[in-house]
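A short write-up of the structure that comes next.
The values are calculated or read from the model by the stated rules, or taken from the named source; none is laboratory data. Just so it is clear, the structure is predicted and the values come from calculations on it, not from any experiment. Positions of Cβ are backbone-derived with ideal geometry, glycine not excepted, and every protein chain shown enters the neighbour counts. Accessible surface is based on the protein model in full, side chains and every heavy atom, while ligands, DNA and RNA are left aside. Shrake-Rupley method; radii C 1.70, N 1.55, O 1.52, S 1.80 Å.
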Amino acid sequence: MTGSCIFCKIAAHESAAEIEYEDEDVVAFKDIYPKAPIHLLIIPRRHIESLARLDEPDAVLLGRCLLVARRLGEAYGMAERGYRVNCHCGPEGGQVVYHLHFHFLAGRRG
Ligand code: 5GP
Ligand code: ZN
(Lines give C-alpha, C1' and ligand atoms only; values in the text may rest on other atoms or scores of the structure.)
(Ligands and ions follow the chains in the order given, each with its own letter.)
Protein backbone atom coordinates (compact mmCIF):
# COMPACT_ATOMS: atom_id res chain seq x y z
CA MET A 1 0.00 0.00 0.00
CA THR A 2 1.27 3.40 -0.97
CA GLY A 3 0.19 6.16 1.42
CA SER A 4 -0.98 8.71 -1.11
CA CYS A 5 -2.46 6.34 -3.70
CA ILE A 6 -6.21 6.81 -4.10
CA PHE A 7 -6.74 3.34 -5.56
CA CYS A 8 -4.84 1.71 -2.67
CA LYS A 9 -7.18 3.61 -0.35
CA ILE A 10 -10.25 2.42 -2.24
CA ALA A 11 -8.95 -1.17 -2.13
CA ALA A 12 -8.43 -0.83 1.64
CA HIS A 13 -11.95 0.69 2.05
CA GLU A 14 -10.35 3.88 3.36
CA SER A 15 -11.81 5.95 0.53
CA ALA A 16 -15.35 5.65 -0.72
CA ALA A 17 -16.13 3.96 -4.02
CA GLU A 18 -18.95 1.88 -5.40
CA ILE A 19 -17.25 -1.49 -5.25
CA GLU A 20 -18.85 -4.02 -7.59
CA TYR A 21 -16.52 -6.91 -7.01
CA GLU A 22 -13.64 -7.81 -4.71
CA ASP A 23 -11.61 -10.80 -3.70
CA GLU A 24 -8.23 -11.38 -2.13
CA ASP A 25 -6.31 -10.01 -5.10
CA VAL A 26 -8.59 -7.88 -7.24
CA VAL A 27 -11.09 -5.05 -6.71
CA ALA A 28 -13.53 -3.56 -9.24
CA PHE A 29 -15.39 -0.32 -8.65
CA LYS A 30 -17.33 2.29 -10.61
CA ASP A 31 -15.33 5.02 -12.29
CA ILE A 32 -16.17 8.36 -10.70
CA TYR A 33 -16.50 10.02 -14.16
CA PRO A 34 -18.11 7.31 -16.29
CA LYS A 35 -17.38 7.48 -20.01
CA ALA A 36 -19.89 4.75 -20.92
CA PRO A 37 -23.17 3.50 -19.38
CA ILE A 38 -21.13 0.90 -17.53
CA HIS A 39 -17.64 2.06 -16.60
CA LEU A 40 -15.73 0.14 -13.96
CA LEU A 41 -12.09 0.07 -12.98
CA ILE A 42 -10.45 -3.26 -12.22
CA ILE A 43 -7.35 -3.06 -10.07
CA PRO A 44 -4.96 -5.44 -8.37
CA ARG A 45 -5.11 -4.83 -4.62
CA ARG A 46 -1.34 -4.67 -4.53
CA HIS A 47 0.16 -1.39 -5.68
CA ILE A 48 1.77 -1.75 -9.10
CA GLU A 49 2.35 1.60 -10.78
CA SER A 50 1.62 0.70 -14.36
CA LEU A 51 2.06 -1.87 -17.10
CA ALA A 52 5.57 -0.51 -17.44
CA ARG A 53 6.39 -1.76 -13.94
CA LEU A 54 5.13 -5.32 -14.36
CA ASP A 55 7.33 -8.21 -13.41
CA GLU A 56 7.11 -11.83 -14.49
CA PRO A 57 5.50 -13.00 -11.19
CA ASP A 58 2.69 -10.46 -11.73
CA ALA A 59 1.43 -12.45 -14.71
CA VAL A 60 -1.03 -14.50 -12.65
CA LEU A 61 -2.41 -11.39 -10.98
CA LEU A 62 -2.98 -9.76 -14.36
CA GLY A 63 -4.78 -12.86 -15.53
CA ARG A 64 -7.02 -12.58 -12.46
CA CYS A 65 -7.85 -8.98 -13.37
CA LEU A 66 -8.94 -10.11 -16.83
CA LEU A 67 -10.99 -12.95 -15.38
CA VAL A 68 -12.79 -10.35 -13.28
CA ALA A 69 -13.53 -8.50 -16.53
CA ARG A 70 -15.12 -11.67 -17.87
CA ARG A 71 -17.10 -12.06 -14.67
CA LEU A 72 -18.33 -8.46 -14.77
CA GLY A 73 -19.33 -8.92 -18.40
CA GLU A 74 -21.43 -11.88 -17.38
CA ALA A 75 -22.84 -10.18 -14.28
CA TYR A 76 -23.97 -7.20 -16.35
CA GLY A 77 -25.40 -9.46 -19.06
CA MET A 78 -22.91 -8.07 -21.58
CA ALA A 79 -20.99 -11.23 -22.40
CA GLU A 80 -22.60 -11.58 -25.83
CA ARG A 81 -22.97 -7.90 -26.74
CA GLY A 82 -19.42 -7.31 -25.66
CA TYR A 83 -17.40 -4.69 -23.85
CA ARG A 84 -14.06 -2.99 -23.95
CA VAL A 85 -11.11 -3.37 -21.59
CA ASN A 86 -8.53 -0.58 -21.76
CA CYS A 87 -5.31 0.06 -19.96
CA HIS A 88 -3.56 3.43 -20.11
CA CYS A 89 0.19 3.35 -19.57
CA GLY A 90 2.37 6.35 -18.92
CA PRO A 91 1.96 10.02 -19.85
CA GLU A 92 1.48 9.46 -23.58
CA GLY A 93 -0.82 6.51 -22.91
CA GLY A 94 -3.10 8.89 -21.00
CA GLN A 95 -2.49 7.39 -17.57
CA VAL A 96 -3.55 9.73 -14.78
CA VAL A 97 -3.69 7.43 -11.76
CA TYR A 98 -0.47 5.51 -11.21
CA HIS A 99 -1.93 2.36 -9.75
CA LEU A 100 -2.40 -0.19 -12.52
CA HIS A 101 -6.03 -0.45 -13.59
CA PHE A 102 -8.15 -1.72 -16.43
CA HIS A 103 -11.15 0.25 -17.62
CA PHE A 104 -14.19 -1.96 -18.21
CA LEU A 105 -16.56 -0.15 -20.58
CA ALA A 106 -19.88 -1.47 -21.77
CA GLY A 107 -23.27 -0.42 -23.04
CA ARG A 108 -22.17 1.79 -25.89
CA ARG A 109 -20.81 1.08 -29.34
CA GLY A 110 -17.54 2.55 -30.53
P1 5GP B 1 -6.42 6.72 -16.33
O2 5GP B 1 -5.30 6.83 -15.33
O3 5GP B 1 -6.62 5.31 -16.81
O4 5GP B 1 -6.28 7.63 -17.50
O5 5GP B 1 -7.76 7.20 -15.66
C6 5GP B 1 -8.03 7.08 -14.30
C7 5GP B 1 -9.52 6.90 -14.13
O8 5GP B 1 -9.78 6.86 -12.75
C9 5GP B 1 -10.39 8.01 -14.72
O10 5GP B 1 -11.36 7.43 -15.59
C11 5GP B 1 -11.03 8.67 -13.51
O12 5GP B 1 -12.35 9.08 -13.76
C13 5GP B 1 -10.96 7.58 -12.46
N14 5GP B 1 -10.79 8.07 -11.09
C15 5GP B 1 -9.87 8.98 -10.67
N16 5GP B 1 -9.97 9.18 -9.35
C17 5GP B 1 -10.99 8.39 -8.92
C18 5GP B 1 -11.57 8.17 -7.63
O19 5GP B 1 -11.17 8.74 -6.62
N20 5GP B 1 -12.58 7.29 -7.56
C21 5GP B 1 -13.05 6.62 -8.67
N22 5GP B 1 -14.07 5.76 -8.48
N23 5GP B 1 -12.53 6.80 -9.89
C24 5GP B 1 -11.51 7.69 -10.03
ZN1 ZN C 1 -1.93 2.10 -5.18
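Descriptive notes on the structure:
- Note, ³J(HN,Hα) from phi for segment 89-94, Karplus 6.51, -1.76, 1.60, rounded to Hz, x at Gly and Pro: 10, x, x, 7, x, x
- Under 5 Å between amide hydrogens, built in the peptide plane, is the criterion, and for Val27 it picks out Ile43, Arg45 among residues at least 5 positions away or on other chains.
- Carbon and sulfur %, accessible surface of the chain computed with the full protein complex present, 1.4 Å: 51
- Panel note: the C-alpha atoms of the chain, placed on their principal axes, show extents of 37, 28, 26 Å (largest first).
- Interchain or long-range residues, amide H under 5 Å from Ala36's placed H: none
- By the beta carbon rule, with partners counted only under 4.7 Å, the chain holds these lone Cys residues: Cys65, Cys87, Cys89.
- Protein-only accessible surface order, largest first, of Cys87, Cys8 at 1.4 Å: Cys87, Cys8
- Cα-based helix-to-principal-axis angle, 59-75 vs the chain, degrees rounded to 10: 30
- For the chain: accessible area per residue (Å², 1.4 Å): 61
- A simple spin-label model places pseudo-atoms 7 Å from Cα toward Cβ; at Val97 and Val60 they are separated by 2.6 nm.
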